[in-house]
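The values are calculated or read from the model by the stated rules, or taken from the named source; none is laboratory data. Values in this document were obtained by computation on a predicted structure and should not be read as measured data. Cβ atoms come from the backbone with ideal geometry, glycine included; neighbour counts cover every protein chain shown. Only protein heavy atoms, including side chains, enter the accessible area calculation; ligands, DNA and RNA are left aside. Shrake-Rupley method; radii C 1.70, N 1.55, O 1.52, S 1.80 Å.
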Amino acid sequence: MLVGAVNYQVIDCRNIQGGNLCRFFDYETVISGVTAQGRGMLTQHISTDCEAVKNCVTAQGRHKIFSESWIKIQKLWQDVRGVGWAVMPLFKKKPCKRGVDGAAGAEEKLGSMLAYDGHLKFRAASLIKVPIVAALFYQAQSGGLELEENISIPAEEVVLGGVLSEAGCGRPFTLRELARLAIVVSDNTAANLLIKRMGFVYINRFIQEIMQAEQTELHRYFMHSPEHEGENYTTPCDCLAILAGLWREDILKGALMREFWDILSRQQFIEKLPSHLLNKAKTYNKTGELDDGARHDMAVIETPQGSWAVVVLTDQQIYPGWEIDDKMANFSELFYQIFEAKA
């Protein structure tokens, strides 16, 4: 059994000030020195060479970006109830492209997790399809099933949401095709068939023991009533741990890992976290929504400077959906600016 998939420190944003946000990005010594003493005193204390002066000037500029971005982040969510989020750098330098060139190299570095209500439970909606598909690929990797296995779709098992409810069920689908439908167009029937094939017990054990997302629970099929079967839950920190474990190749290996991330890169619902970054970075994401207020997104953002993961979960909102989506887009863009400043 695979254990120890993700190790990270969670920094609670409720206890962090704007100027201290930089500590999340490993600039504590230089930035604290700049803040406390000023550039001149710091450079005299450390060194008088040109490189030290250059580094301090750069650090001072970064500190300004961190502080300004933090103020904007606080304002962004100040009137929004029922929100939790988490952000984590995944690489210090540029990794190999997922789904193209293979696994990341020795430059990989998992950082601390910055979170606001990161351990608060939310109704998972379609976010939980990410670990469901990961469980399928993991079982295929372990030899427990073949992704080319055909699954028939009885008419009584077709539910609303996705392609299969519109196109009908005139032919069998492979497990691989169902996995793609469950992620790319968030097809509920496809996800339910994967759950039925693997079983709730196996999927929950995979999520909690292998992915180490201990507060994430799968209790019901999609479009079934939670009153009879129970609700599906997750947390911002769990979602980030799931992304980090998969990105680091701790859970899936080789071709299956690359295929998994290639599927996420083809996600059709990109109006939330990736929206403002589509021309600036490569994105991999999965959204989730419920009609009575839940709007979620979890994503990995990959740039030439490195990769980072971001999750936002909201529920019981008074704002219209498009406004929450726009806040998510602005949120990830602010962190993009922070990560770009770090490079």
Among the residues listed as 302, 231, 323, 340, the single one being out of contact with any helix residue (DSSP H, G or I) (no Cβ under 8 Å at 6 or more places or on another chain), open to solvent by less than 10 Å² (accessible area, probe 1.4 Å) and farther than 15 Å from residue 85 by Cα: 302
Can you name every residue in the range 179-217 that is outside any helix (DSSP H, G or I) and surrounded by fewer than 23 Cβ atoms within 10 Å (Cβ to Cβ)? 185, 199, 212, 214, 215, 217
Within the set of pairs 6+ apart or on separate chains, which have a first residue in the range 320-343 that is of a type in the set (Val, Ile, Thr), a second that is open to solvent by 50 Å² or more (accessible area, probe 1.4 Å) and modelled with pLDDT under 90, and C-beta atoms under 7 Å apart? 338/65
Suppose we filter the range 234-259 for residues that are free of Cβ contacts under 8 Å to residues at least 60 places away in the same chain and either touching a Gly at 6+ places or on another chain (Cβ under 8 Å) or buried (at least 24 other Cβ atoms within 10 Å of the Cβ) (or both); how many remain? 1
Sole residue being at pLDDT 90 or above and over 18 Å from residue 90 (Cβ atoms), chosen from 291, 297, 325: 325
Mind checking which pairs have a first residue in the range 140-165 that is on the phi > 0 side of the Ramachandran plot and a second that is not in a helix (DSSP H, G or I), Cβ under 6 Å, 6 or more apart or different chains? 162/185; 162/187
Residue check, residue 307 crowded, with 21+ Cβ neighbours inside 10 Å, among the hydroxyl-bearing types (Ser, Thr, Tyr) and not in a strand (DSSP E or B): no
Being assigned to a loop (DSSP other than H, G, I, E, B) and at pLDDT 90 or above: is that true of residue 273 here? yes
Can you tell me which residue is farthest from residue 292 (Cα to Cα) among those in the range 220-262 that are part of a loop (DSSP other than H, G, I, E, B) and polar (S, T, N, Q)? 235
Quick check on the range 139-147. Is at least one of its residues open to solvent by 40 Å² or more (accessible area, probe 1.4 Å), among the polar types (S, T, N, Q), modelled with pLDDT of 85 or more and not in a loop (DSSP other than H, G, I, E, B)? yes
If a residue must be assigned to a helix (DSSP H, G or I) and open to solvent by 60 Å² or more (accessible area, probe 1.4 Å), how many such residues does the range 159-178 contain? 2
Give the residues of the range 312-338 that are assigned to a helix (DSSP H, G or I) and either over 19 Å from residue 282 (Cα atoms) or acidic (Asp, Glu) (or both), sorted by residue number. 321, 322, 323, 324, 325, 326, 327, 333
Number of positions in the range 279-298 that are free of Cβ contacts under 8 Å to residues at least 40 places away in the same chain and more than 23 Å from residue 163 (Cβ to Cβ): 2
